[in-house]
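Each remark here refers to the structure printed beneath this line.
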Amino acid sequence: IEAKEAAEQRDNLNEAIGALKDKVARAKRERWLESALAKAQRARDELEAHRSARLEQAAAEFLVADVEGEHEAVTKPAALERAKDWFARVTHGDFELTFERDGSGAWRFGAEDRRAGADGRRLRLEELSTGTRAQLLISARLAYAITLEEAGGEPVERLPFVLDEALTTSDPARFLQVAGAVLDIVKASGRQFVYLSARPEDAELWRRAAASRPGVPLQVIDLAEAAAMAAAD
């Protein structure tokens, strides 16, 4: 009887030990998962910081590319003036692009906040929101393209802008901000934009951005579906 009771106690202890081992193993896995998630979040944060910095740099590069050396300090390049106009239009007058020569003769850029209560506060490019910087970047690119198109003095066909998965690394909120900026440009300029992506969720985000802008045409084309329909015909 004592041997039987001891055997039962042993079995019970073995079950308890096994359960504790499972808990320890699960805790380790959870810590590893937490560590991996934290590492992934740090990587995403670093990527977002890099993307934000590159967006600011790209805006500055396109604003000064090929025009900085062609004009004297007493004149303002046509592309910059046009970028200023487009930026004001797509922000509905909330912001105005500012640019002036510094002591070394280089251009210094910023924005004037014209919203109610802002009292014309001057902002550096890095102080603008992601969406507003996107509006500035796209306005600058469009202005530069139009200036080049008119450089020859003869009418030329307006070519579309092509964005190849340009928003892949953006979270949904920032995706919608940039997509909204693109659609604002489309509405204001009539310029066609083509966005290429292999992600179905991108198409849904574009639809969401366009839902708040009923006057802007948006067409989503599924190339795989179109190819399948063509093959069926």
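The values are calculated or read from the model by the stated rules, or taken from the named source; none is laboratory data. Small disclaimer: the values here were computed from a predicted structure and weren't measured. Counting neighbours? That spans all protein chains shown, and the Cβs are built from the backbone with ideal geometry, glycine included.
Here are some notes:
- Checking Leu205, Leu163, Leu223 one by one, the residue that is aliphatic (A, V, I, L, M) and touching a strand residue (DSSP E or B) at 6+ places or on another chain (Cβ under 9 Å) is Leu163 and no other.
- Sole residue being under 22 Å from Leu136 (Cβ atoms) and modelled with pLDDT of 80 or more, chosen from Leu55, Leu80, Leu63, Leu47: Leu80
- Any hit, the stretch 192-200, residues being among the hydroxyl-bearing types (Ser, Thr, Tyr), surrounded by 14 or more Cβ atoms within 10 Å (Cβ to Cβ), modelled with pLDDT of 85 or more and closer than 30 Å to Ala40 by Cα: yes
- Residue count for the stretch 162-203 satisfying the condition of being in a strand (DSSP E or B) and either out of contact with any Ser or Thr (no Cβ under 9 Å at 6 or more places or on another chain) or within 20 Å of Phe87 (Cβ to Cβ) (or both): 6.
- Residues in the stretch 157-177 that are surrounded by 11 or more Cβ atoms within 10 Å (Cβ to Cβ), modelled with pLDDT under 80 and over 10 Å from the mean Cα position of the chain (by Cα): Arg158 only.
- Residues of the stretch 202-216 classified as loosely packed, with under 11 Cβ neighbours inside 10 Å and modelled with pLDDT of 90 or more, total: 1
- Look at (1) without any contact (Cβ under 8 Å) to a residue 24 or more places away in the chain; (2) over 24 Å from Leu167 (Cα atoms); (3) outside any strand (DSSP E or B); (4) touching a strand residue (DSSP E or B) at 6+ places or on another chain (Cβ under 8 Å) and you find that Ala118 fails only one, number (4).
- Residue satisfying condition, being in a helix (DSSP H, G or I), free of Cβ contacts under 8 Å to residues at least 24 places away in the same chain and under 30 Å from Asp171 (Cβ atoms), within set Ala16, Ala38: Ala38
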